[in-house]
1. Evaluate the following for residue B:67: is it surrounded by 20 or more Cβ atoms within 10 Å (Cβ to Cβ), of a type in the set (Val, Ile, Thr) and within 15 Å of ligand 2 (Cβ to nearest atom)?
2. What residue, of B:68, B:83, is more than 16 Å from ligand 1 (Cβ to nearest atom) and either modelled with pLDDT under 95 or over 22 Å from the mean Cα position of the chain (by Cα) (or both)?
3. Looking at (1) within 16 Å of ligand 1 (Cβ to nearest atom); (2) in a strand (DSSP E or B), find the lone condition where residue B:229 falls short.
4. Looking at B:49, B:92, B:55 in this structure, which one is buried (at least 21 other Cβ atoms within 10 Å of the Cβ), in the same structural domain as residue B:173 (by TED's automatic domain parsing), within 16 Å of ligand 1 (Cβ to nearest atom) and of a type outside the set (Lys, Arg)?
5. Name the one entry in A:48, A:29 that is farther than 20 Å from residue A:237 by Cα and open to solvent by 90 Å² or more (accessible area, probe 1.4 Å).
6. Being at pLDDT 75 or above and either among the charged types (D, E, K, R) or within 18 Å of residue A:76 (Cα to Cα) (or both) is true for just one of A:254, A:271. Which residue is that?
7. Could you tell me whether any residue of the stretch A:175-197 is out of contact with any helix residue (DSSP H, G or I) (no Cβ under 8 Å at 6 or more places or on another chain) and at pLDDT below 90?
8. Out of the residues in the stretch B:44-66 meeting the condition of being within 13 Å of chain A (Cβ to nearest Cβ) and outside any helix (DSSP H, G or I), tell me which one is nearest to residue A:175 (Cα to Cα).
Amino acid sequence: MAERSGMVEKRGLGLWLTHLGLIIGVLFIFFPIWLAFVASTVENQDIIRPPMPVWPGDQMIENYTNALVAGINAPVALMLFNSLVMALGIALGKIAISLLSAFAIVYFRFPFRQTFFWLIFLTLMLPVEVRIVPTYEVVANFGMLNSYSGLILPLVASATATFLFRQFFLTVPDELAEAARVDGARPMQFFFDILLPMSRTNIAALFVILFIYGWNQYLWPLLITTDPEMNTIVMGIKQMFPSGDDFAHWPTIMATSILAMVPPVIVVVGMQKLFIRGLVESEK
Amino acid sequence: MATLTLENVKKSFGKTDVIHGVSVDVQDGEFIVIVGPSGCGKSTLLRMVAGLEAVSSGDIQIGGRRVNDVEPMDRDIAMVFQNYALYPHMSVFDNMAYGLKIAKVPKPEIEERVRQAAKLLQLEPYLTRKPRELSGGQRQRVAMGRAIVRKPAVFLFDEPLSNLDAKLRVQMRLEIKALQRALGVTALYVTHDQVEAMTMADRMIVMNGGVADQIGAPLDVYANPATEFVAGFIGSPPTNFIDGAAVGQSGGHRVGVRPEHMQLVGAGAGRLDGRAAYCEALGAETLVHVKSATGTQITVRQDAGHPIPEEGSEVGMDWDRENEMPFNAEGKRL
Ligand SMILES: Nc1ncnc2c1ncn2[C@@H]1O[C@H](COP(=O)(O)OP(=O)(O)OP(=O)(O)O)[C@@H](O)[C@H]1O
Ligand SMILES: [Mg+2]
């Protein structure tokens, strides 16, 4: 008996310690975000004059409204919209393209199939930052600077997702495709009726990752959007910093930062269940 | 419902020949079992009939129509796969209905046909479940259901029972056979299990290395194997093969004698002598494994009443001449 209660006690203590550690970790990560939030709810003078306040002020509604409708170079609402278009475009575009190319590579015999696969695979080694100059040239020549297509298309072509879907399709038993063939399904029917629904958890997981990838793009939008109306929010924050002797309007900048964090959080929390299922289980 | 004709059908994958020319005429409503050891080309033959594998040469006709270049869906066949190949994200109902949906059968008729099949297969309580929520036997039935609802001319089965446990296998065996009889659909059934072949087949095709060694009714094949391979493959325990010279068989290179046709007699009194190696008493019968003087393994099957020889003792074996099956040097029956 004594031994047992000792064990329970010990486990209880361990539990508390673990939680304590986790809580400290969360506070540690959360503190800067808290400061940003506080800064977005006070007046500019409160921030500039030390000490920096640690409790929210009463300017929240004014600051956020000001940021959303007026902003500094462009209204933040517009930047949010631009970012949303870009992130959705990249996530959905990548998923659509990679699903189709993985489908082609796994299920069809055509000349140079392996070559194509390795070519796609090679692009894994060429992220945007590496090919940024030639890509810029191409986009500029197509007249796609300051446009959504310019923001989205160069980032859509990539191998990661193709590779993941290929691996998943390879685990789908051949008999399934054969059964569908005997049932009279044409290749695209098989793709839409069977392969796509079977990949839905993978798609969800990938969507979350790619949405955040697209949302957090910084260098590329910075390079090709010169018009403030086309700024995305992540790079837009940087553009809000004053140049020369101007004063930075910190509450607006901080409100923008907080706003920039909201959509990815919504996506992650909203798709959490599917996301985790997609990572841990493959349904066969 | 249709006849099925294979005419000198061959298959090669690149340079390797897998099927060396199989011809068979299957009657309307007949149940044909293709049996043979692993790798002999049973699945390949079946898949050619299904249209999943191209025919290298020869003709396949279903209901008198040459179907070599016809897509699987247009061949009027249905196939049951070894691992069932059910669509994992669809309910049992949708699994069975999928083929009909693609064929644009009107909704009420789909409903009607699936319900009928479900009733026949006792799947009614499970129609809304996903395949992963079913037992192996139930999944097997769904796979059967998917084949039935299409009302095909020919059923194709590729080792449909090999993932089930022994008891269920016996039960499903009977169910499949009964179902096929009731529906009167021509069936081609692949298995490597000779008991399945013996019990289910109207006629069976014994395959060996891409060749149909023998085609015939199970009992005929058992009683009159055309080749040494068939004699050894069909029947359990397998046929004993004895050097023709050792038992005075003129002409016969080797002689096959089934274990149940042999009797144990005193040493020197029979046609062959040997030493009892070990005995398996199975209750109703006893299998006595004997090592002959020339080193051949021989199995004698005797009823439980007979005395069981001491292991290691000298015994003689005797059999009637009419039960001898002589084979020539190529393994063909004389
Ligand atoms: N796609 C292929 N390419 C090359 N060889 C193949 C291919 N498919 C099958 N084979 C070969 O053809 C032969 C027959 O294969 P098959 O699958 O028909 O055997 P099986 O009789 O069904 O065996 P099992 O009882 O193990 O299923 C085997 O030797 C196999 O290696
Ligand atoms: Mg096989």
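The values are calculated or read from the model by the stated rules, or taken from the named source; none is laboratory data. All values reported here derive from a predicted model rather than from experimental measurement. As a convention, Cβ positions derive from the backbone with ideal geometry for all residues, glycine included, and neighbour counts pool all protein chains shown. Please note that ligands, DNA and RNA were not included when accessible areas were found on the heavy atoms of the full protein model with its side chains. Shrake-Rupley method; radii C 1.70, N 1.55, O 1.52, S 1.80 Å.
1. So residue B:67 does not fit the description; no.
2. Being more than 16 Å from ligand 1 (Cβ to nearest atom) and either modelled with pLDDT under 95 or over 22 Å from the mean Cα position of the chain (by Cα) (or both) holds for just one of B:68, B:83, which is B:68.
3. Unmet for residue B:229, out of (1) within 16 Å of ligand 1 (Cβ to nearest atom); (2) in a strand (DSSP E or B): (2).
4. B:49
5. The conditions single out A:29.
6. A:254
7. no
8. Among them, the one singled out is B:52.
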